[in-house]
Amino acid sequence: MNVGAVIIGRNEGERLVRALAAARRDLSPIVYVDSGSTDGSVQAALAAGAVVVELDMSQPFTAARARNAGFAAFGDSPPEFVQFIDGDCEMVPGWTDTALAFLAANPKAAIAAGRVRERHPEASVYNRLCDAEWDTPVGEADAVGGIFMARSAAFAAVGGFDPTLIAGEEPELCRRLRGAGWTIWRLDAEMTLHDAAMTRFGQWWRRARRGGHAAAEGAALPGPVPDVIAQGQARRALIWGAAIPAVVVLAALFVSPWALLLLLVYPVQIARLARRGRGWEWAAFNTLGKFPEALGALRFYLGRLTRRRQGLIEYK
């Protein structure tokens with residue numbers, strides 16, 4: 001069995017150097033897809049022995065488009081398995097063997113992913129929130145995130161990622177794979193170290209807004225099976241981040257200022273979530289995050305209504 005790698009990035013600097021070095025331990029060939037870097041990323045990838053694809057940035061950029069371009073660079077005979085990696089991630093030793101053994105033993109499994117951890121969770125509350133976000137249940141899953149090992153035959157059979165999606169491309173791919181009879185798995189194994197490098201509130205806010213956009217778009221897309229995760233996320237964002245504030249403000253303006261007391265539902269929600277075991281920090285930001293998520297969802301619906309393509313939402 002052979003396994004290649006597709007690494008995507010833009011101006012990742014030392015993070016990309018680490019990603020390439022880690023990939024070279026177990027993976028070959030390696031394709032690096034660059035999206036307009038100005039920091040020497042292309043030269044670093046070439047020096048590491050990677051095949052480099054430089055995207056035409058006159059066309060709208062999406063991570064899905066970059067990953068598809070990387071896979072296409074393998075030509076008509078791609079490796080049997082492909083590890084998709086972001087340029088800010090470093091693959092953990094031993095992951096390749098674990099994933100290959102699982103996929104070989106489970107011929108209906110299209111994707112295997114492991115645990116992603118933040119490299120510097122101590123650097124900021126936003127990095128810690130990312131680390132908690134990566135900690136999802138093991139076993140068969142609906143989706144696993146954009147870093148995973150894929151069976152090339154399954155990936156090619158469904159046409160790869162949808163390049164028009166500015167976010168949420170991996171859950172949409174998994175939905176089509178599951179509709180075609182394949183399975184998606186999260187393994188109980190370390191896979192990558194991720195460097196979110198989020199140190200500012202504005203970065204966290206934009207990332208949450210992108211998540212809301214992705215959820216709304218995922219919920220609206222047709223497919224062989226419904227995206228219940230996206231539907232739930234979009235619904236919660238719109239209720240907590242838009243509907244409740246709107247109702248309270250209208251009630252305060254036209255019924256009684258005492259209606260503002262209804263906003264106490266938010267600290268009650270924080271307390272309820274904190275009791276689930278992840279602590280007050282996670283509960284507070286989970287609740288606050290519904291506001292940027294709602295903005296992202298509403299941005300998607302407005303773009304759909306006006307038939308205007310939405311641009312990429314970046315946080316770094």
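Considering only region 287-316, state which residues are closer than 26 Å to E12 by Cα and aromatic (F, W, Y). Residue satisfying the conditions is Y315 alone. Of the residues making up region 267-299, just one is free of Cβ contacts under 8 Å to residues at least 24 places away in the same chain and either closer than 13 Å to I239 by Cα or in contact with a Gly (Cβ under 6 Å, 6 or more places away or on another chain) (or both), namely L288. Counting the residues of region 227-271 that are of a type outside the set (V, I, T), loosely packed, with under 15 Cβ neighbours inside 10 Å and not in a helix (DSSP H, G or I) gives 1. Looking across region 204-225, the residues that are over 27 Å from S124 (Cα atoms) and either in the same structural domain as E170 (by TED's automatic domain parsing) or surrounded by 15 or more Cβ atoms within 10 Å (Cβ to Cβ) (or both) come down to A216, E217, G218, A219, A220, L221. Count of region 300-316 residues, restricted to those that are in contact (Cβ under 8 Å) with a residue 12 or more places away in the chain and not in a helix (DSSP H, G or I), is 8. When the residues of region 274-283 are filtered to those that are at negative phi and surrounded by fewer than 18 Cβ atoms within 10 Å (Cβ to Cβ), the one that is farthest from the chain's Cα centre (by Cα) is R275.
Condition first: closer than 22 Å to I8 by Cβ, crowded, with 22+ Cβ neighbours inside 10 Å and aromatic (F, W, Y). Can you find one or more residues in region 141-149 that meet it? Scanning region 141-149 turns up at least one residue that is closer than 22 Å to I8 by Cβ, crowded, with 22+ Cβ neighbours inside 10 Å and aromatic (F, W, Y).
Within region 160-185, the set of residues being closer than 26 Å to L55 by Cα and touching a Pro at 6+ places or on another chain (Cβ under 7 Å) comprises R176 only.
Do we have V138 as over 25 Å from W204 (Cβ atoms), touching a residue at least 12 places away in the same chain (Cβ under 8 Å), of a type outside the set (G, A, S) and in contact with an Asp or Glu (Cβ under 9 Å, 6 or more places away or on another chain) here? Yes, satisfied.
Can you find even one residue in region 99-106 that is more than 17 Å from R151 (Cβ to Cβ), in the same structural domain as D135 (by TED's automatic domain parsing) and not polar (S, T, N, Q)? The answer is no; no qualifying residue exists.
Here's the yes/no breakdown for (1) part of a strand (DSSP E or B); (2) closer than 25 Å to A23 by Cα; (3) not aromatic (F, W, Y):
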{"residue": "A113", "(1), (2), (3)": "yes, yes, yes"}
{"residue": "R117", "(1), (2), (3)": "yes, yes, yes"}
{"residue": "L129", "(1), (2), (3)": "no, no, yes"}
{"residue": "T136", "(1), (2), (3)": "no, yes, yes"}
{"residue": "A154", "(1), (2), (3)": "no, yes, yes"}
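Residue-by-condition table, conditions (1) more than 26 Å from E314 (Cα to Cα); (2) surrounded by fewer than 19 Cβ atoms within 10 Å (Cβ to Cβ); (3) at pLDDT below 95; (4) acidic (D, E):
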| position | (1), (2), (3), (4) |
| --- | --- |
| V138 | yes, yes, no, no |
| G160 | no, no, no, no |
| R175 | no, no, yes, no |
| G179 | yes, yes, yes, no |
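Looking across E118, E169, E190, one residue alone is within 24 Å of L298 (Cβ to Cβ), of a type in the set (D, E, K, R) and touching a residue at least 40 places away in the same chain (Cβ under 8 Å). It is E169. When only residues in region 33-67 that are of a type in the set (S, T, N, Q) and crowded, with 21+ Cβ neighbours inside 10 Å count, which is farthest from G9 (Cα to Cα)? Checked region 33-67; the qualifying residue farthest from G9 (Cα to Cα) is S41.
Looking across region 68-78, the residues that are part of a helix (DSSP H, G or I) and within 14 Å of V51 (Cβ to Cβ) come down to A69, G70, F71, A72.
Examine region 29-51 for a residue that is touching a strand residue (DSSP E or B) at 6+ places or on another chain (Cβ under 6 Å), part of a loop (DSSP other than H, G, I, E, B), at pLDDT below 95 and of a type in the set (A, V, I, L, M, F, W, C), and state whether such a residue exists. Looking through region 29-51, none of the residues is touching a strand residue (DSSP E or B) at 6+ places or on another chain (Cβ under 6 Å), part of a loop (DSSP other than H, G, I, E, B), at pLDDT below 95 and of a type in the set (A, V, I, L, M, F, W, C). Of the residues making up region 4-28, those that are within 22 Å of the chain's Cα centre (by Cα) and outside any loop (DSSP other than H, G, I, E, B) number 15.
The values are calculated or read from the model by the stated rules, or taken from the named source; none is laboratory data. Computed from a predicted structure; not experimentally measured. Neighbour counts are summed over all protein chains in view; Cβ atoms, including those assigned to glycine, are modelled from backbone coordinates with ideal geometry.
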